[in-house]
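What follows is a short report on a single structure.
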Amino acid sequence: MQEKINQLVDEAVNEIESIENLNDLMLLKSKYLGKKSEFNQFMRELKNLSNEEKPKVGQMINLAKNKINNHIQEKKEAIEKAKINEQLAQETVDISLPGKKISLGKKHILTQTIEEIEDIFIGLGYQIKEGPEQEEDKYNFEMLNLPKNHPARDMQDSLYISEDTLLRTHTSPVQVRTLLENEKKEPVKIIAPGTVYRKDDDDQTHSHQFKQVEVLVVDKETSLADLKGTLLIAAKKLFGEEREIRLRPSYFPFTEPSVEVDVSCYQCHGKGCSMCKNTGWIEVLGAGMVNNNVLEACGYDPHEFQGFAIGFGVERIAMLKHGIDDIRQLYTNDLRFNSQF
Ligand code: PHE
């Protein structure tokens with residue numbers, strides 16, 4: 001009997017070794033250790049043995065069954081481990097594989113231009129101010145030395161909401177708001193970017209809605225020379241280090257004297273071309289010394305304080321810098337256009 005048992009154990013161990021999946025292993029388990037197995041048959045035959053042999057053989061059978069069971073258990077763990085390893089290998093991420101490119105959006109050219117102007121003035125110690133787009137007539141006009149019925153109001157066709165409120169026609173009301181707000185009447189040095197509105201028909205150079213950046217300095221010894229120096233720095237930063245500027249007399253009710261500012265042509269370097277209409281100069285913006293009436297209306301003593309103001313037209317600067325010939329292109333949201341900048 002012992003030989004038979006040993007033979008059976010060898011047979012079982014061999015079979016277990018060759019098995020590769022859990023299902024087959026379970027079948028094998030019932031074949032060798034189940035109710036219908038040969039070992040069970042041996043157990044049933046025990047009763048035919050002598051009392052002396054019974055426990056010996058019984059123990060032998062149990063040892064054999066344990067041995068087989070241990071082998072099955074080991075095999076089971078080995079199969080499970082192999083399965084996990086295989087799964088891990090399948091799920092490994094190949095970090096050397098090139099990824100899919102996600103295309104990032106970018107800022108609109110007008111936003112870029114505003115930020116460029118902001119950066120220049122932040123670098124010069126200015127603070128950024130904002131004002132409402134729906135503005136009171138008194139801030140948009142009256143306190144800027146443009147009383148009701150003043151003919152210069154015609155310079156800016158306005159969109160009125162009620163008799164006293166309108167969509168601001170320029171960012172200059174932020175000058176008034178800033179000066180009024182300053183209760184101690186201290187010097188101010190601000191820029192105010194924002195959207196403005198005019199009752200204009202849209203065409204190649206006009207839009208009923210556009211962007212400005214207002215600059216305002218009020219201090220005790222502010223002169224036209226400070227304005228000129230500031231304009232020169234801004235022109236060089238925006239249009240290139242070699243640029244020169246030229247001031248021409250102009251008129252705005254809220255500045256006196258007022259100037260129109262030209263930048264030397266960056267295309268022909270002053271020789272004359274189509275860009276500068278053969279003059280060598282390109283008109284870029286309006287500016288001037290803050291009118292005494294404005295200072296007074298805002299509670300600043302004009303004998304003590306002077307100031308200057310600059311009005312950047314953002315679209316104009318962007319169009320000049322990037323050779324855009326139709327202002328309407330800036331508002332079409334056409335990605336083919338927008339993504340060029
Ligand atoms: N507010 C003026 C306009 O929109 C521009 C400007 C601002 C002129 C500041 C001089 C000083 O036409």
Response to the item:
In the range 175-186, anything in contact with a helix residue (DSSP H, G or I) (Cβ under 7 Å, 6 or more places away or on another chain) and basic (Lys, Arg) is listed as 177
Response to the item:
Within the range 244-260, of all residues that are of a type in the set (D, E, K, R) and away from the ligand (no atom under 11 Å from the Cβ), the one surrounded by the fewest Cβ atoms within 10 Å (Cβ to Cβ) is 248
Discussion item. Anything in the range 130-151 that is on the phi > 0 side of the Ramachandran plot and at pLDDT 95 or above? List them, or say none.
Written reply: 145
Worksheet item: In the range 268-294, what count of residues is obtained for those that are among the β-branched types (Val, Ile, Thr) and more than 16 Å from the ligand (Cβ to nearest atom)?
Response: 2
Item to complete: Test residue 119 against the criterion of being assigned by TED's automatic domain parsing to the domain that holds residue 328, of a type in the set (D, E, K, R) and assigned to a loop (DSSP other than H, G, I, E, B), and give yes or no.
Response: no
Worksheet entry | Only one of 159, 146, 124 that is surrounded by fewer than 17 Cβ atoms within 10 Å (Cβ to Cβ), within 16 Å of the ligand (Cβ to nearest atom), in contact (Cβ under 8 Å) with a residue 40 or more places away in the chain and aliphatic (A, V, I, L, M) | 159
Worksheet item: Would the range 214-231 turn up any residue that is among the aliphatic types (A, V, I, L, M), within 14 Å of the ligand (Cβ to nearest atom) and surrounded by fewer than 20 Cβ atoms within 10 Å (Cβ to Cβ)?
Response: yes
Item to complete: Would you check if residue 181 is more than 16 Å from the ligand (Cβ to nearest atom), under 29 Å from residue 111 (Cβ atoms) and either at pLDDT 95 or above or surrounded by 14 or more Cβ atoms within 10 Å (Cβ to Cβ) (or both)?
Response: yes
Discussion item. Among the listed residues 70, 51, identify the single one that is part of a helix (DSSP H, G or I) and either closer than 26 Å to residue 4 by Cβ or modelled with pLDDT of 90 or more (or both).
Written reply: 70
Response to the item:
Picking from 297, 318, the residue that is at pLDDT 95 or above and either more than 16 Å from the ligand (Cβ to nearest atom) or touching an Asp or Glu at 6+ places or on another chain (Cβ under 7 Å) (or both) would be 318
Worksheet, complete the sentence: Counting only strands (runs of 3 or more DSSP E) entirely within the range 130-201, those with at least 3 residues that are under 29 Å from residue 113 (Cα atoms) and of a type in the set (Lys, Arg) are none
Worksheet item: Which one of these is within 22 Å of residue 285 (Cα to Cα), in the same structural domain as residue 308 (by TED's automatic domain parsing) and over 33 Å from the mean Cα position of the chain (by Cα): 157, 137?
Response: 157
Worksheet item: Residues in the range 187-206: is at least one out of contact with any helix residue (DSSP H, G or I) (no Cβ under 8 Å at 6 or more places or on another chain), closer than 30 Å to residue 304 by Cβ and assigned by TED's automatic domain parsing to the domain that holds residue 121?
Response: yes
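Condition check ((1) surrounded by fewer than 21 Cβ atoms within 10 Å (Cβ to Cβ); (2) in the same structural domain as residue 176 (by TED's automatic domain parsing); (3) not in a helix (DSSP H, G or I)) across all residues:
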site: 263; (1), (2), (3): no, yes, yes
site: 269; (1), (2), (3): yes, yes, yes
site: 274; (1), (2), (3): yes, yes, yes
site: 286; (1), (2), (3): yes, yes, yes
site: 296; (1), (2), (3): yes, yes, no
site: 303; (1), (2), (3): yes, yes, yes
site: 312; (1), (2), (3): no, yes, yes
site: 318; (1), (2), (3): no, yes, no
site: 328; (1), (2), (3): yes, yes, no
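The values are calculated or read from the model by the stated rules, or taken from the named source; none is laboratory data. If you're wondering where the values come from, they're calculated on a predicted model, not measured in any experiment. Every residue, glycine among them, receives a Cβ derived from its backbone with ideal geometry; neighbour counts consider all protein chains shown.
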